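J.: Dumping the structure here so I can ask a few things about it.
Any read-out appearing in this document is the output of simple, stated calculations on the displayed coordinates, not a laboratory observation. This structure is a prediction, so every number in the text was calculated from the model and none was measured. Every residue, glycine as well, gets a Cβ built from its backbone with ideal geometry; the counts of neighbours run over all protein chains shown.
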Amino acid sequence: MKFKLPSFINKKNIFKLIINRYFLISVGFALLLILGENSLVYYYKLQKQLNEMQAKKEFYLNEIKQDSINIIKLRTDMDAIEKYGREKYMMKKDNEDIFIIR
C-alpha cells in the first residue's frame, strides 16, 4: 500500500509557503527567540541562577540570625563564653586533660 499525500500538498504549494512573507517573518522570529542575544535558553539560565542566589540569600540570612543570637549569648553569659572557648579553641583548665577523638 502506497502512502498518498493529500492533493493540496504539492511542490507548488510548498514553494509558495516558503516564499510567503509571513512564514519567513515567523521563522525569523522563532530563530531570534532561540538563538538571539536574549533568547529563551539564556532567560532559563538566568532564572535558574536567580533561584540559586535567592536560596543562598535565605541560607545566609538564617546564618546571620543564628550568629547574632550567639553574639548576644557570648556578651551576657559567662558559661557560654567558657563553652565556646572549650569547643572552638580547645582551651582547658590547668588540672584537665583533653583527648580529641575523631
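J.: Using only Cα atoms, find the angle between the long axis of helix 40-76 and the longest principal axis of the chain, and express it within 0 to 90 degrees, rounded to the nearest 10.
T.: 10 degrees
J.: In degrees between 0 and 90, to the nearest 10, how far off the longest principal axis of the chain does helix 21-35 point, with axes built from Cα atoms?
T.: Taking the Cα atoms of the chain, the angle to 21-35 is about 20 degrees.
J.: Let me ask something else. Once both axes come from the Cα atoms, what is the angle between helix 78-89 and the longest principal axis of the chain, in degrees from 0 to 90, rounded to 10?
T.: Computed tilt is about 60 degrees.
J.: What does the charge dipole of the chain about its Cα centre add up to, to the nearest 20 debye, if the Cβ of each Lys and Arg holds +1 and the Cβ of each Asp and Glu holds -1?
T.: Charge dipole of the chain: 1440 debye, to the nearest 20.
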